[in-house]
1. Give the residues of region 291-311 whose amide nitrogen is closer than 11 Å to a point set 7 Å from the Cα of SER321 in the direction of its Cβ.
2. For the chain, modelled as a GNM with alpha-carbon contacts under 10 angstrom, which of ASP102, ASP82, ASP218 fluctuates the most?
3. For region 223-232, in order, what is each residue's ³J(HN,Hα) by Karplus, 6.51 cos²θ - 1.76 cosθ + 1.60 with θ = phi - 60°, in whole Hz (x at glycine and Pro)?
4. From the alpha carbon gyration tensor of the chain, can you work out the equivalent ellipsoid semi-axes (sqrt of 5 times each eigenvalue) and give them in Å, largest to smallest?
5. Which ³J(HN,Hα) values in Hz, rounded to whole numbers, follow from the phi angles of region 353-360 under the Karplus curve 6.51 cos²θ - 1.76 cosθ + 1.60, where θ = phi - 60° and Gly and Pro get x?
6. How large a share of the accessible area of region 50-284, in percent, is made up of carbon and sulfur atoms when the probe is 1.4 Å and the other protein chains stay in place?
7. Work out the charge dipole of the chain with +1 on the Cβ of Lys and Arg and -1 on the Cβ of Asp and Glu about the Cα centre, then indicate which of VAL342, PRO132, PRO175 is farthest towards its positive end.
8. What's the magnitude of the charge dipole for region 50-284 around its Cα centre, counting Lys and Arg as +1 and Asp and Glu as -1 at the beta-carbon? Answer in Debye, nearest 20.
Amino acid sequence: MKFTSALASALLLSVSFLQAQTDPGIMRLQEFAYPAKRKILNIPNVNGLQVLKCDFHMHTVFTDGHVWPNVRVQEAWREGLDAISYTEHMEYNPHSKDVKVDHNRSHDLAVELAKENNIVLVKGTEVTRKTPPGHFNALFIQDASTLVENNDSALDQEAIDKVAAQKAFIFWNHPGWKAATIEGSYEWIDFVEKMYQEKKLHGIEVVNGLGFHKKALDWALDRNLTVIGNTDIHNLIAHDYNIGQEGVHRTMTLIMSKDRSAAGIRDALEAGRTVAWSSKYLFGKEENVRNLMNACVSISAPYHEKTNKKAGSTTKYYEISNNSDLYFELELKSGNGTKRIVLYPESKQILTAEAGQSKLTYEVVSTFIRSDKHLMFDVKL
Ligand SMILES: [Zn+2]
Ligand SMILES: [Zn+2]
């Protein structure tokens, strides 16, 4: 008995001795840590094309942003984006006393992490001229250091010519920003018309951050320019967007691409196969918004019928499904059926329709196919 207890205390001693050796003296409190996970933004393929989630306008400490370049890749990974582009201001370097001016540096610092995180990194820059004409993003450039840094308006044309010479995809950023305060409104200006004529303008940023530049959408549609939506983020994404809340996403461009590559993205941008997505709204060419919605929304066969003998009519019951993380809000314009349908992400609704109709026509008020026009969508019965 005595022996056993002596053995036991010896064992206990050695166990606590071992514990003292292995216990680092830190207890990990993981409960409030963000779990390491990449969000899946679910959008089905559109006519065999992948829908890539892209943000082609952002800043870091290398111009007037507040974060180091790798943070942008971390954010994009977490939020489920496919492609991003660092678009530092060519002509505006407010941190130059603290950070060496190098317009290629943010991209170069992020290249390796982007590869490791499976994020497509498109090389870009923001050509930052005084307003007017304002700012232009140039994507798929090779070298930002050779561009025009001087903001003298006499050099506006030269600045555009330099990025055009690099065969960049160029879009006009936030046309209403500042211009609306200077002029009281914003207009399609001669400088931009000349760019357009010379085929040096390929798209317009119709949504910048949380702002929808309404006239800019019509300009893009009337001239067959690509519709683009970006964050133009300077802070952390989580500072400007309520990203922790379910269903919240940053402003982005949805690109219908044949593959998940920079070349595929460029092809789709040039062909104008884009829809801007911000808040619950979709913005774009009618055909693109329609194709996207067709891919996401489906209707079941009728599963129930109810006859109202007094009225002499029969009501049929259907399920309408939204198989995506997008949001659709529909208001009935013709036919007899459910007046208003809200299709929340990844959800179904009951739709009722009087028997004997081939379709109901809805106005999708969460879409803009012009500044004053929503998509009309037929639900085939
Ligand atoms: Zn800008
Ligand atoms: Zn910017």
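1. 297-301
2. It is ASP102.
3. 10, 6, 9, 6, 8, 10, x, 9, 7, 6
4. 43, 39, 16
5. 8, 5, 4, x, 9, 8, 7, 10
6. That fraction is 49 percent.
7. The residue sitting most towards the positive pole is VAL342.
8. It comes to approximately 460 debye.
The values are calculated or read from the model by the stated rules, or taken from the named source; none is laboratory data. This one's a predicted model, so the numbers in the text were calculated from it and none came from an experiment. Please note: Cβ atoms are built from the backbone with ideal geometry, for glycine as well, and neighbour counts cover all protein chains shown. Side chains are part of the model used for accessible areas, which takes the heavy atoms of the whole protein and leaves out ligands, DNA and RNA. Shrake-Rupley method; radii C 1.70, N 1.55, O 1.52, S 1.80 Å.
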